[in-house]
Amino acid sequence: MALELVSRAQWGARPYRTPNGATPYSRPRRGVKLHYLGTPYTDRTHDRCDDYVRQIQAQHMDGNGWSDIGYSFVVCTHGYVYEGRGLHRRNSANGSTALNEQDYAVCLLVGSSGFTQPTDDQLNGARDAIDYCRTEGPAGHWLGGHRDGYATTCPGDVVYAWVQKGALRPTASTPDPNEEDAVPSPITGSNPNDVDLAPSDWQPLALDQDGGAVLNGPTGPLSLTAHLYFDVATPADTKVQGVFYLTDADGSSPSDYLVIDHRGGGGHQFIHNAPVPAGKQLWFRARAVPADGARVTKLLHRDLKGHYWEAP
């Protein structure tokens with residue numbers, strides 16, 4: 001699909017306020033978070049969509065007191081992608097500075113009531129926006145919803161279900177639940193063996209007792225969650241980082257995915273939902289970064305839950 005990008009000048013955006021509206025991203029983005037309006041919405045003819053995007057900007061700037069429209073991009077029901085803060089200025093829609101820094105924010109013009117079901121054109125436009133963020137951002141292949149890491153119902157159950165299935169284009173082959181070969185394969189694993197994580201050193205972690213890669217490509221859409229459980233004595237100022245990453249089939253050439261931070265003792269959750277390409281393996285690694293830089297952090301247990309479809 002060809003990206004139908006509507007620039008700020010084309011939709012009549014107001015100038016953003018400085019300095020906050022001009023804050024650049026300080027690092028590559030982990031991926032993309034999807035949003036919806038969270039308010040009632042009525043679909044409209046395309047000649048009125050730019051009016052609504054200007055209305056969102058006005059609410060964010062005049063109502064919320066933000067320096068600009070909060071989203072990186074906005075996708076209307078006709079499949080057009082409106083440039084919000086774009087690729088280079090940090091968004092303000094994901095819930096906190098850290099979350100805004102971590103992922104792009106793409107909003108679909110879908111409501112919590114009224115118009116709640118995205119059109120095929122809109123889903124294709126959202127997919128165009130995701131691909132644009134990945135190729136031009138830069139952004140990694142992590143994909144989620146606003147609710148991932150933040151207490152909210154956004155982007156709504158309909159959009160979130162689409163995200164969890166890998167944000168497939170409507171024209172792509174969709175698994176048929178009535179066909180045996182379209183039933184997703186469950187994946188589970190558990191490894192109770194203690195591991196001492198040396199300060200700041202990345203360590204590949206087997207998420208079950210058999211060891212090895214999490215999955216071998218190719219796969220279709222998937223949704224995986226790794227849970228790490230640390231000694232409760234782990235200081236609250238310890239930063240725990242984990243990342244799914246790809247390698248070649250022989251385990252070489254690991255990809256440089258953006259890590260996910262958590263702090264404190266107890267359990268930590270890491271989510272991955274990008275398909276594994278042919279000739280690749282999916283792995284997981286973690287590290288702990290104590291504030292004092294010297295403490296060994298004890299990982300007590302980890303497990304993996306999720307499902308995936310076979311590659312089409």
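What to note about this one:
- Legend: residues Asp120, Asp103, Asp210, Asp248, sorted from most to least accessible area (1.4 Å probe; ligands, DNA and RNA excluded), read Asp210, Asp120, Asp248, Asp103.
- Amide hydrogen proximity for Thr297: with H placed 1.01 Å from N in the peptide plane, the residues at 5 or more positions away or on another chain lying under 5 Å are Leu197.
- Near Thr116, once Lys and Arg are set to +1 and Asp and Glu to -1 for all other residues with Cβ below 14 Å from its Cβ, the sum equals -2.
- Adding -39500 (n - 2.57) for every DSSP H run of four residues or longer, then dividing by how many residues the chain holds, sets the calculated 222 nm ellipticity at -4000 deg cm²/dmol.
- Between the beta carbons of Asp194 and Asp157, assuming R0 = 35 Å, the FRET efficiency works out to 0.35 to the nearest 0.05.
- Additional length obtainable on full extension of the chain from Ser26 to Asp231, 0.36 nm per residue less Cα span: 70.6 nm
- Computed over all pairs of different Cα atoms, the Kirkwood value for the hydrodynamic radius of the chain is 20.6 Å.
- Fraction of accessible area attributable to carbon and sulfur, the chain (%, probe 1.4 Å): 50 percent
- Using a probe of 1.4 angstrom and keeping all protein chains present, the accessible surface of the chain works out to 45 square angstrom per residue.
- Helix 49-58 vs. the chain, principal-axis angle (Cα, 0 to 90°, nearest 10): 70 degrees
The values are calculated or read from the model by the stated rules, or taken from the named source; none is laboratory data. Here the structure is a predicted model, which is why all the values come from computation and not from measurement. We place every Cβ from the backbone using ideal geometry, glycine too, and count neighbours over all the protein chains shown. Heavy atoms of the whole protein, side chains included, go into the accessibility calculation; ligands, DNA and RNA do not. Shrake-Rupley method; radii C 1.70, N 1.55, O 1.52, S 1.80 Å.
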